[in-house]
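Peer 1: Just dropping this structure here.
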Amino acid sequence: MESTMKELGDSASVLDLDPKTAVGGGVEDVYGEDFATEDQLITPWTVSVASGYSLLRDPRHNKGLAFTEKERDAHYLSGLLPPVVLSQQLQEKKLMNSIRQYQLPIQKYMAMMELEERNERLFYKLLIDNVEELLPVVYTPTVGEACQKYGSIFRRPQGLYISLKEKGRVLDVLKNWPERSIQVIVVTDGERILGLGDLGCQGMGIPVGKLSLYTALGGIRPSACLPITIDVGTNNEKLLNDEFYIGLKQRRATGQEYSELLHEFMSAVKQCYGEKVLIQFEDFANHNAFELLAKYRTSHLVFNDDIQGTASVVLAGVVSALKILGGSLADHKFLFLGAGEAGTGIAELIALEMSKRVCFYCSWLYGLLFVVWGSNIALVSRLESLQHFKQPWAHEHESVKTLLEAVNTLKPTVLIGASGMGKTFTKEVIEAMSSFNEKPLIMALSNPTSQAECTAEEAYTWSKGKAIFASGSPFDPVEYEGKVFVPGQGNNAYIFPGFGLGVVMSGAIRVHDDMLLAASEALAEQVTDAEYEKGLIYPPFSKIRKISAEIAAKVAAKAYELGLASRIPRPASLVKYAESCMYSPVYRNYR
Ligand SMILES: NC(=O)C1=CN([C@@H]2O[C@H](COP(=O)(O)OP(=O)(O)OC[C@H]3O[C@@H](n4cnc5c(N)ncnc54)[C@H](OP(=O)(O)O)[C@@H]3O)[C@@H](O)[C@H]2O)C=CC1
Ligand SMILES: CC(=O)C(=O)O
Ligand SMILES: [Mg+2]
């Protein structure tokens, strides 16, 4: 056999051979794949209509043991499956049982990803029906660990990778994606993955996770979602020295090289998918994030989740907290730890909401510099050296060296952590907040859990049960002195799925800040009196599909009002229309 293959040599076409003589793994090697030597070229043949074995291997159409007898007969599946026919409900029960057996969250994550690769509808059925249990698995905090280990845990690629190697042919790369009707793209360059820093190409877990929430929480069809990672290198030494790293092994491109690739990408997206594809920037470092948003917000349908989505969810939380705290937004004093994308984005939207009638305080540079609203801006030399997005929030104040000193000096009613730095809300800080506030609002927004400024237990215990608490990553309820406290999750996952649905269903051509305010208002309105009584400032995620429909309707209504919507005529009931647009994971029947 070996000598026959050698004799065939380079010049012989494998397809000219009698396939029956080729026994290297198949009975009839029709396309010569088994027969070909390593240096011979072959064509990767496939068929386009899934049936039989290929249907079982197609995650979009596969139903596994739920294929009916009729479908098994009609689609050449007989014998390829064991005889039993299970309902989707029973499949779901079985899988949830098996996922619950895993001890480690990362094992659950991998089981979910494998399910998505095998049976997409069942994956979404599980995620939708068990959202509170599975959100921490497919999203923060576990997705952070998954990104850190991305190179080693994945067997099949997900999403689209565009690297510097593709500069000059990004459009061709986009065309390789199998779907044409894309409605939402989530794109990262991997430089600021949650609070975990630069994870380069391994940041792909974030767009993949965010888009699975677009589908599960917001009802955008999976086929209309495209996760993209732009690989411009990484400055993460550990990854650069890791032989299994999946990305470009070079330091990050910056300046012109970076902006040219991004520009080519933005233009190619429009060319490939048209004007109305929503491009969500995710987990870019702030030195690029603000610039990209400013540059493309007038020419493309873009949204920065970390700046705008976070702002919208936090504003909703603050507004609903007023029901417990009392007063109006203007009666409160906000102190931010972390003046980056999330921090300044939140400040900006709160300021927009209350027409700049309140004082803001932002601290940065590891708490060494602290500036305060005032009429006399004396820190001019310092101000000039600040990144532009911090400057509006920088005002004169005597230097304050620590967060504790800042809290004691300024006496804020709301403390917002968006520093990416865990454990920064210390016992002393929480105690100070509780000493002059009857109910301090503490938001520890940094992700994943390891980077949270404090835990729920710390917030409730150190405040002696006084704190209203919300965090970016979820915490379990806490019992303190016989009372159970249920922490809220202040995460942009409440906003972006419904926001995206509103944009897509109205055919909006641009994102306007008023649409973010509309989303925020819709979310705040969803908190019930019973939930307020429990100290909650966000509704439970179990209601998220309803919440997303309400958000989508308000966002769409605003788009129509602003003249930004292109879907004409405007549906009579936007909530009903939103609900009718939402993807359902229930199996379809095949003829
Ligand atoms: N809950 C949610 O929905 C969201 C949570 N986040 C989380 O928020 C965190 C920050 O994200 P993002 O704003 O995009 O990141 P950025 O890098 O843009 O901002 C972080 C800011 O924190 C400052 N900082 C870092 N350490 C300290 C410290 N010890 N004391 C005071 N300030 C400090 C940085 O200062 P300097 O400028 O000097 O470096 C920077 O201004 C991340 O953990 C992210 O996961 C983000 C988006 C949404
Ligand atoms: C939630 C989110 O977007 C972040 O932590 O970056
Ligand atoms: Mg993010």
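Peer 1: Of everything in segment 74-114, what is more than 29 Å from the chain's Cα centre (by Cα) and either more than 21 Å from residue 53 (Cα to Cα) or part of a helix (DSSP H, G or I) (or both)? Give them in sequence order.
Peer 2: Residues satisfying the conditions are 74, 90.
Peer 1: Of 508, 552, which residue is farther than 30 Å from residue 136 by Cβ, under 24 Å from the mean Cα position of the chain (by Cα) and touching a residue at least 24 places away in the same chain (Cβ under 8 Å)?
Peer 2: Every option except 508 fails the conditions.
Peer 1: Let me ask you something else. With the condition being within 16 Å of ligand 2 (Cβ to nearest atom) and touching a helix residue (DSSP H, G or I) at 6+ places or on another chain (Cβ under 6 Å), I'd like the strands (runs of 3 or more DSSP E) fully within segment 461-506 carrying at least 1 qualifying residues.
Peer 2: So the answer is 468-471.
Peer 1: Which one of the conditions (1) over 26 Å from residue 142 (Cβ atoms); (2) surrounded by 24 or more Cβ atoms within 10 Å (Cβ to Cβ) does residue 259 fail to meet, given that it meets all the rest?
Peer 2: Looking at each condition in turn, residue 259 falls short on (2).
Peer 1: I've got another one for you. Looking only at residues that are crowded, with 24+ Cβ neighbours inside 10 Å and among the aliphatic types (A, V, I, L, M) in segment 195-207, which one is nearest to ligand 2 (Cβ to nearest atom)?
Peer 2: Only one residue tops the list, namely 206.
Peer 1: Residue 310: more than 26 Å from residue 409 (Cβ to Cβ), touching a residue at least 60 places away in the same chain (Cβ under 8 Å) and either outside any helix (DSSP H, G or I) or more than 23 Å from the chain's Cα centre (by Cα) (or both), yes or no?
Peer 2: No: the conditions fail for residue 310.
Peer 1: Residues of segment 507-517 being surrounded by 24 or more Cβ atoms within 10 Å (Cβ to Cβ) and outside any loop (DSSP other than H, G, I, E, B), which ones?
Peer 2: 515, 516
Peer 1: Within segment 329-339, restricting attention to residues that are in contact with a Phe, Trp or Tyr (Cβ under 8 Å, 6 or more places away or on another chain) and not aromatic (Phe, Trp, Tyr), which residue is farthest from ligand 2 (Cβ to nearest atom)?
Peer 2: So the residue we want is 333.
Peer 1: A further question follows. Could you give every pair whose Cβ atoms fall below 9 Å, whose first residue belongs to segment 414-425 and is more than 19 Å from residue 317 (Cβ to Cβ) and part of a loop (DSSP other than H, G, I, E, B), and whose second residue is more than 8 Å from ligand 1 (Cβ to nearest atom) and acidic (Asp, Glu), counting only separations of at least 6 or pairs across chains?
Peer 2: From residues that are more than 19 Å from residue 317 (Cβ to Cβ) and part of a loop (DSSP other than H, G, I, E, B), the pairs are 421/453; 422/453; 423/453; 423/458; 424/453.
Peer 1: Right, another one. Restricting to segment 143-170, and then to whatever is in contact with a Phe, Trp or Tyr (Cβ under 7 Å, 6 or more places away or on another chain) and either assigned to a loop (DSSP other than H, G, I, E, B) or of a type in the set (Gly, Ala, Ser) (or both), can you tell me which residue is nearest to ligand 3 (Cβ to nearest atom)?
Peer 2: 146
Listed here are the residues, each with its yes/no results for (1) away from ligand 3 (no atom under 16 Å from the Cβ); (2) out of contact with any His (no Cβ under 8 Å at 6 or more places or on another chain); (3) not hydroxyl-bearing (Ser, Thr, Tyr).
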{"site": "267", "(1), (2), (3)": "yes, yes, no"}
{"site": "321", "(1), (2), (3)": "yes, yes, yes"}
{"site": "337", "(1), (2), (3)": "yes, yes, yes"}
{"site": "345", "(1), (2), (3)": "no, yes, yes"}
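Peer 1: Six or more apart or on different chains, Cβ under 7 Å: which pairs go from a residue in segment 27-53 that's closer than 25 Å to residue 73 by Cα to one that's at pLDDT 80 or above and among the polar types (S, T, N, Q)? Could you list them?
Peer 2: Matching pairs, first to second residue: 47/54.
Peer 1: Which ranges mark the helices (runs of 4 or more DSSP H) fully within segment 184-300 that have 3 or more residues being within 16 Å of ligand 1 (Cβ to nearest atom)?
Peer 2: Result: 205-218, 286-296.
Peer 1: Return yes or no: is residue 118 without any contact (Cβ under 8 Å) to a residue 24 or more places away in the chain and not small (Gly, Ala, Ser)?
Peer 2: It is false that residue 118 is without any contact (Cβ under 8 Å) to a residue 24 or more places away in the chain and not small (Gly, Ala, Ser).
Peer 1: With respect to residue 226, determine if the residue is within 16 Å of ligand 3 (Cβ to nearest atom) and either over 15 Å from residue 190 (Cα atoms) or among the aromatic types (Phe, Trp, Tyr) (or both).
Peer 2: Criteria not met by residue 226.
Peer 1: Of the numbered conditions (1) under 18 Å from residue 493 (Cβ atoms); (2) touching an Asp or Glu at 6+ places or on another chain (Cβ under 6 Å), residue 316 fails exactly one; give the number of that condition.
Peer 2: (2)
Peer 1: Further question on the same structure: Only one residue in 265, 244 is modelled with pLDDT under 95 and either more than 15 Å from the chain's Cα centre (by Cα) or closer than 27 Å to residue 339 by Cα (or both), so which one is that?
Peer 2: That would be 244, the only listed residue that is modelled with pLDDT under 95 and either more than 15 Å from the chain's Cα centre (by Cα) or closer than 27 Å to residue 339 by Cα (or both).
Peer 1: Let me spell it out: the conditions are (1) surrounded by 17 or more Cβ atoms within 10 Å (Cβ to Cβ); (2) closer than 22 Å to residue 468 by Cβ; (3) not polar (S, T, N, Q), and residue 556 meets all of them except one. Which number is the exception?
Peer 2: Status for residue 556: all satisfied but (2).
Peer 1: Continuing with this model, one more query. Mind checking whether some residue in segment 171-180 is part of a helix (DSSP H, G or I), at pLDDT 95 or above, among the β-branched types (Val, Ile, Thr) and more than 27 Å from residue 505 (Cα to Cα)?
Peer 2: Within segment 171-180, one or more residues are part of a helix (DSSP H, G or I), at pLDDT 95 or above, among the β-branched types (Val, Ile, Thr) and more than 27 Å from residue 505 (Cα to Cα).
Peer 1: Report, by residue number, each residue of segment 420-462 that is acidic (Asp, Glu) and within 16 Å of ligand 1 (Cβ to nearest atom).
Peer 2: Once the filter is applied, which keeps residues that are acidic (Asp, Glu) and within 16 Å of ligand 1 (Cβ to nearest atom), segment 420-462 yields 428, 453.
The values are calculated or read from the model by the stated rules, or taken from the named source; none is laboratory data. Quantities reported herein were computed from a predicted structural model and do not represent experimental measurements. All Cβ positions, even for glycine, are placed from backbone atoms using ideal geometry, and neighbour counts span all protein chains on display.
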